[in-house]
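*Asks:* Structure in structure tokens, see below.
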Amino acid sequence: MITDAKAVAAHFNEQGYAVVREVFSKAEVAEIERRLTDALRTVVPTLKAGDVYYEDAPDKPVKSVFRLDQHVPYFRQLLADERLLRIMREIFDGSEVMQVGTAFFAKAAQAGSVTPAHQDNAFQNLQPPEDLVCTIAIDESTPANGVLTVQAGSHRLGLLPHRASGVMGFSQTLMTPVDAALYPEVPLCMKPGDISLHHTNTIHRSGPNTTDRSRRQLGLIYRSARAKRDEVGWAKYQAELKRLHDQHPVKA
Ligand SMILES: O=C(O)CCC(=O)C(=O)O
């Protein structure tokens, strides 16, 4: 239960991340899981490159799916969950909260691949950087199945230089690693129904899934209405994305 949205916002503002336990009940997680399974069967096969990515493994399991909320009303409703919006209003302190969209990360059993270290703002190009991902755990996450790992306090560094990663679905990675002694790595180990939040400038990464069980997480992206896109940075990122997609067909 979220009892204190102010405390969550204070931790988030200080550390660039927060974890809140048991926000969604078992029944709610089962419903999210059912809707995802449904969408993976009906919607995902129709999606264009850039909205879905597959792992480079023999059976090509789904790696990530973006903007499902534009296809399935259930996911739009999930973005409007009042428990989550209460936290967002505290974090974005007085600004209108934009419900931007969803990002599903499947991290399939034995096939889920590495997410290179990055700041989401290298993709989003927002100023001020008032944007975050609220991640709902569908499966338990552990170091062995590729837990999402953040560097505490790194959101205060601003947007750092990135380079092309060559990784489909995460086309940008940090140019230079940031000292983990100064900005300690925190694995956001979660149980189904827990949520985590990370700031758009918080450095994060995840390892491969070496286990027999998936590590599915559904990200919900929220933004303050104050955040505006830097169109030059955005155009540069879009060009890099196009180059990557031209080189790799959807199920490559
Ligand atoms: O699930 C992952 O490994 C990466 C997730 C991520 O990069 C994000 O939510 O911004």
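Each reported figure results from applying straightforward, stated rules to the coordinates on display, with no laboratory input. These figures come from a predicted structure and were not determined experimentally. Every residue, glycine as well, gets a Cβ built from its backbone with ideal geometry; the counts of neighbours run over all protein chains shown.
*Asks:* In nm, what is the difference between 0.36 nm times the number of residues separating Lys60 and Ala180 and their Cα-Cα distance? Working shown, then result.
*Replies:* Values: separation 120, 0.36 × 120 = 43.20 nm, distance 3.36 nm.
Result: 39.8 nm gained on full extension.
*Asks:* Determine, from the Cβ-Cβ distance of Gln110 and Tyr74 and an R0 of 35 Å, the FRET efficiency 1/(1 + (r/R0)^6), rounded to the nearest 0.05. Write down the numbers at each step before the final one.
*Replies:* On the way: r = 29 Å, r/R0 = 0.83.
That gives a FRET efficiency of 0.75.
*Asks:* Also: With contacts defined as alpha carbon pairs under 8 Å and 6 or more residues apart, what's the relative contact order of the chain in percent?
*Replies:* Contact order relative to length: 31 percent.
*Asks:* Something else about it: I need the P(r) histogram for the range 64-197: all alpha carbon pairs, bin width 5 Å from 0 out to the longest distance, whole percents.
*Replies:* Distribution as computed: 2, 8, 16, 20, 23, 19, 10, 2, 0 percent.
*Asks:* Calculated FRET efficiency, Arg163 and Asn13, Cβ-Cβ r, R0 30 Å, to nearest 0.05? Kindly include the intermediate steps, with their values, before the conclusion.
*Replies:* Details: r = 29 Å, r/R0 = 0.96.
E between Arg163 and Asn13, to the nearest 0.05, is 0.55.
*Asks:* Please give the calculated 222 nm ellipticity per residue for the chain, where each DSSP H segment of at least 4 residues contributes -39500 (n - 2.57) and the sum is spread over every residue; nearest 500 deg cm²/dmol?
*Replies:* -8000 deg cm²/dmol
*Asks:* Please give every one of the aspartates and glutamates within straight-line cross-link reach of Lys228, meaning a C-alpha to C-alpha distance under 14 Å, and leave out same-chain neighbours fewer than 8 residues apart.
*Replies:* Qualifying aspartates and glutamates at Cα under 14 Å: Glu96, Glu130, Asp131.
*Asks:* Dipole of the range 175-252, Cα-centred, from +1 at each Lys and Arg C-beta and -1 at each Asp and Glu C-beta, to the nearest 20 debye?
*Replies:* Working: 13 positive and 8 negative charges, 67 e Å.
Around 320 debye, computed over the range 175-252.
*Asks:* With charges set only on the Cβ (+1 for Lys and Arg, -1 for Asp and Glu), what does the dipole of the range 5-247 come to about its Cα centre, in debye to the nearest 20?
*Replies:* Numbers: 29 positive and 29 negative charges, 55 e Å.
It works out to roughly 260 debye.
*Asks:* Distance from the Cα centre of the range 1-55 to that of the range 128-193, in angstrom?
*Replies:* Spelled out, the Cα-based centre of one part sits 15 Å from the other.
*Asks:* Using the Kirkwood radius over C-alpha pairs as Rh, can you work out the diffusion coefficient of the chain via Stokes-Einstein at 25 °C, viscosity 0.890 mPa s, in µm² per second? Mind showing how you got there, number by number?
*Replies:* Values: Rh = 18.3 Å.
Rounded to a whole number, D works out at 134 µm²/s.
*Asks:* Using +1 at the Cβ of each Lys and Arg and -1 at the Cβ of each Asp and Glu in the chain, identify which of Val65, Val44, Ser165 lies farthest towards the dipole's positive end.
*Replies:* Val44
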